Amino acid sequence: MSSEASAPIVIVGGGAAGFACAEAFREAGGTDPLIIISADDRAPYFRPDLSKELLAGDKPAADELADDDWFADNDVDLRLQSRASRLDAEAHTITAGAGADEQTVQWSRCVLATGSSAARLPVPGGDDPRLLTIRSAADVERIIAQVNGTGPVAVVGSGFIGCEAASSLRARGIDVTMVSLEIQPQRDRLSEFVSAMIAGWLADAGIDFRGSRSVEGIEFTDDGAAVLLANGERVEAAHILVAAGARTTTELAASAGLRVTNGGIHVDSSMRSTADGVFVVGDLAFADNVAAGRPLRVEHWDDAQSMGVIAGKVMAGKRAEWDGVPGFWSTITGETLQYVAWGDGWDEVTARRSDSGISVWYGKNGTIVGLLTHRHDDDQERGKKLILSGASFPPK
Ligand SMILES: Cc1cc2nc3c(=O)[nH]c(=O)nc-3n(C[C@H](O)[C@H](O)[C@H](O)COP(=O)(O)OP(=O)(O)OC[C@H]3O[C@@H](n4cnc5c(N)ncnc54)[C@H](O)[C@@H]3O)c2cc1C
């Protein structure tokens, strides 16, 4: 163990937020030794492509966030396939690895960027190892190898990852049935109007969407599998892909006594947690957003990167705060949606259509809180400004 004066900064997690943090720290002139501990089997890569181009077979591998030389050139010690198991926020140490490889490292600052994992179904058979999920590049390689052009595939869940995965498998010519608790994809989150649009795309692609279905169990047989539904239906399939949402990886933070709120760890707008020297970024952060005036927890690529950049700059002695409107994109059956919103609810919605596309505006308590566009991306910048300024709903 090194003494704390010369101790490195340790970033736990080699995803969007962890890598952005390391990069921003160096770019901001930070010279302390840097270690990234990552459970991944490969260097940081672009995760959003997994359920899109990669699963559809349009790309052979996920794009790396940095080329091979970057880590050596920037004096960043990237430790792959290493899982951190214990964080001691008092002693400023972290323990990673298992058995003979277990190591405890002293840190000067520690950044938790452990992101999320795919949620399991809480039903009999829901933990069967033959179930497919999609969170990492290794998961996609496994899906492609296991499915190997054969169907049908049952996709459980109609969030963005479920819809994207169903559409990518369908693009490979595989028969896909989706089952979901929702009547139509993302009805509560995005409105009846938007969910009907997504349902139309899935139907046009030949995906059999079965909504308002509750899964009661999963069964594997010698020649396939079945999703058992509460209404008595049995959806037979060769493979089952569970896309039942993401679950933040909170165990490490909890091991240090950090309290989990709203699925994440509360941090200020500069990503500092209540534990001295511990920052939390990305999906795991329930972060104060200066513009919103309240903490938000989001699971979006660009925001994970922004939070990583903020923590990196702050550790290098600069000022930085989270003050943007969160946002994401999704591509389903070739149709791209762009969304910016505070993401914590709306009570009014209005859709503006043109020949080229559509903008769906969301309001809450009379102010604009979100915008979703389809082929109307020119509205995005305006939308961000109106959301930031708390402009009145509906937009003029
Ligand atoms: C299939 C898929 C498609 C997506 N598409 C989009 C999209 O189109 N648009 C969008 O905005 N967002 C998308 N997202 C969400 C986006 O990828 C996440 O919000 C983002 O990756 C979060 O970044 P993160 O760094 O917080 O966590 P992650 O990227 O999940 O990285 C977490 C890292 O922590 C590591 N880790 C976890 N626990 C430990 C531990 N104990 N020790 C060591 N390492 C650990 C993991 O191995 C991983 O390297 C998608 C996500 C998935 C899974």
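Between E27 and R353, the simple spin-label model (points 7 angstrom out along Cα→Cβ) gives 4.1 nm. Please give the FRET efficiency for A230 paired with E251, using the beta carbon to beta carbon distance and R0 = 41 Å, rounded to the nearest 0.05. Taking R0 as 41 Å, the efficiency between A230 and E251 is 0.85. What the Cα convex hull of the chain gives, in volume per residue, is 151 Å³. Relative to the dominant Cα principal axis of the chain, helix 192-204 is inclined by about 70°. Of the residues A311, A237, A165, the one that moves most in a GNM of the chain with alpha-carbon contacts below 10 Å is A237.
Semi-axes of the equivalent ellipsoid of the range 118-246 are 21, 17, 14 Å, computed as sqrt(5λ) over the eigenvalues of the C-alpha gyration tensor in descending order. Computed over the chain, relative contact order equals 16 percent, with contacts defined as Cα pairs under 8 Å that lie 6+ residues apart.
Working note: Karplus 6.51/-1.76/1.60 with θ = phi - 60° gives the range 267-283 the couplings 10, 6, 6, 9, 6, 8, 8, 6, 8, 4, x, 9, 9, 10, 9, x, 3 Hz, where Gly and Pro are set to x. Ranked for footprinting exposure by Cβ neighbours inside 10 Å, fewest first, T367, T261 give T261, T367. Give the calculated FRET efficiency between A391 and A100 to the nearest 0.05, with a Förster radius of 51 Å applied to their Cβ-Cβ distance. Approximately 0.30, to the nearest 0.05. Take each peptide in 297-304, 181-188, 108-115, count the other Cβ atoms within 10 Å of every residue, and average; sorted highest first, the result is 108-115, 297-304, 181-188. Once both labels are positioned 7 Å from their Cα atoms along Cα-to-Cβ, the gap between A145 and A61 label points is 1.5 nm.
Against the chain, whose longest principal axis is taken from its Cα atoms, helix 16-27 shows a tilt of about 40°. Considering the range 345-389 at the alpha-carbon level, its Rg and Dmax are found to be 10.2, 30 Å.
None of the figures in this text is laboratory data; all of them are computed from the coordinates on show. A quick note: this is a predicted structure, and the numbers were derived from the prediction, not measured. We place every Cβ from the backbone using ideal geometry, glycine too, and count neighbours over all the protein chains shown.
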